[in-house]
Amino acid sequence: MTVSATVSNTASQAGTKTRFSDLTQMPDARGHFGPYGGRFVSETLSFALEDLENTYASMRNDPAFQAEFDRDLAYFVGRPSPLYHAERWSQKLGGAQIWLKREDLNHTGAHKVNNTIGQALLAKKTGKPRVIAETGAGQHGVATATVAARLGLECDVYMGAADVQRQKLNVYRMRLLGARVIPVESGTRTLKDAMNEALRDWVTNVDNTFYIIGTVAGPHPYPQLVRDFNSVVGREARIQSMEQIGRLPDALIACVGGGSNALGLFYPFVEDEEVAMYGVEAGGDGVETGRHAAPLSSNAPRGVLHGNRTYLMSDEAGQVSDTHSISAGLDYPGVGPEHALWKDVGRVNYVAANDDAVLEAFRELTRMEGIMPALETAHALAHAKVLAPTMRTDQHIVVNLSGRGDKDIMTVAKLDGIEI
Amino acid sequence: MSRIKQRFSDLQQQGRKALIPYITAGDPAPEHTVGFMHALVEAGADIIELGVPFSDPMADGPVIQKACERALKQGTRLVDLFDMITTFRQTDTTTPIVLMGYLNPIERIGYQAFADQAARAGVDGVLIVDMPPEEAEEIGPLLKSHQLDAIFLVAPTTSHERAATICAHGEGYLYYVSLKGVTGAATLNADDVAEHLAPLREMTDLPLCVGFGIRDGVTAAEVSKVADGVIVGSALVSRIAASADAPETIAGQLKTVLNEMRTAMDA
């Protein structure tokens, strides 16, 4: 087994002036997180984004909207999700106690549904009869198809053709739910290309279509509202930590592709300086090989894609790079702009976990705790394996168990040489 | 007076409308681009929009997506466009050239370096599809100080308020996107376009040029009755695609397509 994770350079590029409390005030009125974020879209979409921004601004502090959101999270999603003490695994690793925030137990099997519930409520307010989404691993697509079925909305999901191949189970789930899954053949045939195609659809059908973006990226206000809807994860984890551990945890770990499950867990802890945070990117074959999807921990240059400025893997001419990851959900060259800022100010340590370490963590948790994680989630677990042994047994780590692994059984079986 | 301003002033005196072809630089290979540009001018182009190939052209339909792929496969970079334009300028010092593309290649080489090199090569205007005026605060002054016109899009969905902002920031001409969709989509509706251009006329003296959905002489002529200029892209690029294996025939085909439009517009 090769080295499983590489610690990133967390040196602050934006200086040390930003206080962590300032981080709760982001984004600014124009959707900027320091130098990142913004609204870099073609003019046709500007009005739809302004409209969404206004709708969300009026809903955000509306008690009736919040109550409806909370009710759906409780009775449709099944929240709160438990905080589970992985005692056996903690003991084996021989260091800190590991607690798993069980987002895998949500309806549809991942954190993604927190956001789609919220955006579906917004879609309902706007009265648009159709929703579209992009998806990588298919979790966001399934979560979107689910809320669309429940609200009786037409639903089209764009998915890279390569991902359609490696996530067949989720593709069929979406179809059973009544969604149309449109394979995208352009570019690298993965998540970024699905997002390009979803944006092209939206620009064409903007009058009757609500675009449910699945991660904390895209043009303002998406990074903000996706973060807000997922923050229920961190709010619960905070309360549960106080109840079950008796204090705040020493560290949080979550995987980062676009970064929605990580922001959801981290955001409510951002001012708690004593809580260390680790965002784990897809190291693929290893950051040093260039075959990865880790823009933050590889110190990719700044760039603009899909409506926001962020760390973006691109070549010297500014063409977006091909990415590689065992997990379709993390196979993306950019990252949410709020993560980019949090890297610069040193609030979060961004590291990468390689494919082989991820598989090992996947197998280990499954065998030791009876919990089969998604391959995306297994990136966070791979880093827990690195971090826990460096800590004392009376210290505590909360890992966001962002999704369940059923969808990845075929991928893992294939690696084992088994045809199902 | 900038080349773009001069060109529109000349056209106005002649009572003609601007014909503005778009091609993606480097398609089907970089060595053909300068020849195509001269051919377009011979066929009646007043301004040339030269596309900067990008890996993720989100506002473009399949025709220009594929053009970008062909150009990138041949290794075309933004800096190569500056060489092409420098070469073009050795024999044509009057036809305005507008670079059209996405922001990331410009971000990567840096705004200052971009403005320096573009101005030196003889670029006249810059249209960045994914950069509305609100996000142009940093690059805007640099373009201005290099005498590069910042050209912005106006869409059918643009509110009156936003249109006013765009008019205040725009230079050279306004690019009115005739339909909701990507490039090369449906055919436009000239009455609909006229209806949207009327309020813009009251806001600005900038020439109003219309693109997206112009396929042939008929649509070009219809639009030129209500607009100051007609922009045609996918109709030309699809010819390049069809003859990518026989690039020596492309210049002639581009001339035929553009000539038909020119004739129809001037009739």
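If contacts are Cα pairs under 8 angstrom and at least 6 residues apart, what is the relative contact order of region B:3-266 in percent?
23 percent
Give the value in nm², to one decimal: projected area of the alpha carbon convex hull of the protein assembly as shown, averaged over all directions.
Approximately 29.4 nm², given one-decimal rounding.
How far apart, in nm, are two points set 7 Å out from the Cα along the Cα-to-Cβ line at A:D315 and at B:R120?
Taking the simple label geometry, A:D315 and B:R120 are separated by 2.3 nm.
Less than 12 Å Cβ to Cβ from A:A340, Lys/Arg counted +1 and Asp/Glu -1: what total charge do the surrounding residues give?
Numbers: positive: A:R302, A:R309, A:K343, A:R347; negative: A:E338, A:D344.
Residues near A:A340 contribute +2 overall.
Please give the FRET efficiency for B:T86 paired with B:T256, using the beta carbon to beta carbon distance and R0 = 25 Å, rounded to the nearest 0.05.
Values: r = 28 Å, r/R0 = 1.13.
Efficiency at R0 = 25 Å is approximately 0.35.
Which whole number in µm²/s is D for region B:3-266 by Stokes-Einstein, with the Kirkwood Rh taken over Cα pairs at 25 °C and 0.890 mPa s? Don't skip to the end; give the middle numbers.
Working: Rh = 18.1 Å.
Stokes-Einstein gives a translational diffusion coefficient of 135 µm²/s.
Over chain B, with a Gaussian network built from C-alpha contacts below 10 Å, which listed residue (B:I85, B:I139, B:I109) shows the highest mean-square fluctuation?
B:I109
Run the simple label-point estimate for A:Q66 and B:E138 please: 7 Å along Cα→C-beta, distance reported in nm.
3.5 nm
Once whole DSSP H runs in chain A are found, which of them have Cα atoms spread over 15 Å or more along the helix axis and a mean Kyte-Doolittle score of at least 0.0?
A:139-151, A:375-387
With θ taken as phi - 60° and the coefficients 6.51, -1.76 and 1.60, list the Karplus ³J(HN,Hα) couplings across region A:251-268 in order, rounded to whole Hz; mark glycine and proline as x.
For region A:251-268, the Karplus curve yields 8, 10, 9, 8, 7, 10, x, x, x, 6, 6, 5, 5, x, 6, 6, 3, x Hz.
Under a GNM of chain B (C-alpha, springs under 10 Å), which listed residue has the highest mean-square fluctuation: B:E135, B:E42, B:E222?
Taking springs between Cα atoms under 10 Å, the residue moving most is B:E135.
Using 0.36 nm per residue of separation minus the Cα-Cα distance, give me the extension gain between A:N299 and A:K168 in nm, one decimal.
Length gained, A:N299 through A:K168: 43.9 nm.
Looking at chain A, how many pairs of lysines come closer than 20 Å at the Cα, when each pair is eight or more places apart or spans two chains?
Close lysine pairs under the 20 Å cut-off: 13.
For region B:3-266: lysine pairs with Cα atoms under 25 Å, gap of 8 or more or different chains, count?
Count of close lysine pairs: 11.
Could you work out the local net charge near A:A198, counting Lys and Arg as +1, Asp and Glu as -1, over the other residues with Cβ closer than 12 Å to its Cβ?
After counting each charged neighbour, the total is -3.
Where does chain A land at 222 nm, in deg cm²/dmol rounded to the nearest 500, when only DSSP H runs of n ≥ 4 count, each adding -39500 (n - 2.57), divided by all residues?
Helices in chain A give a 222 nm mean residue ellipticity of -12000 deg cm²/dmol.
Given axes a ≥ b ≥ c from the Cα gyration tensor, I'd like to know whether region A:265-371 is rounded (a/c under 1.5), prolate (a/b larger than b/c) or oblate.
Note, shape of region A:265-371 comes out oblate.
Can you tell me which of A:G218, A:G141, A:G34 moves the most in a GNM of chain A? Springs connect C-alpha atoms under 10 Å apart.
Fluctuation is largest for A:G34.
Give the calculated FRET efficiency between B:T187 and B:D245 to the nearest 0.05, with a Förster radius of 22 Å applied to their Cβ-Cβ distance.
0.20
Would you order A:S325, A:S241, B:S238 from fewest to most other beta-carbon atoms within 10 Å of each residue's own beta-carbon? Present the calculation step by step, with values, prior to reporting the outcome.
On the way: A:S325 30, A:S241 21, B:S238 18.
Sorted ascending by nearby Cβ count, the order is B:S238, A:S241, A:S325.
Taken together, the values in this text are just the output of simple stated rules run on the coordinates, not laboratory data. None of the values given here were measured: they were computed from a predicted structure. Every residue, glycine among them, receives a Cβ derived from its backbone with ideal geometry; neighbour counts consider all protein chains shown.
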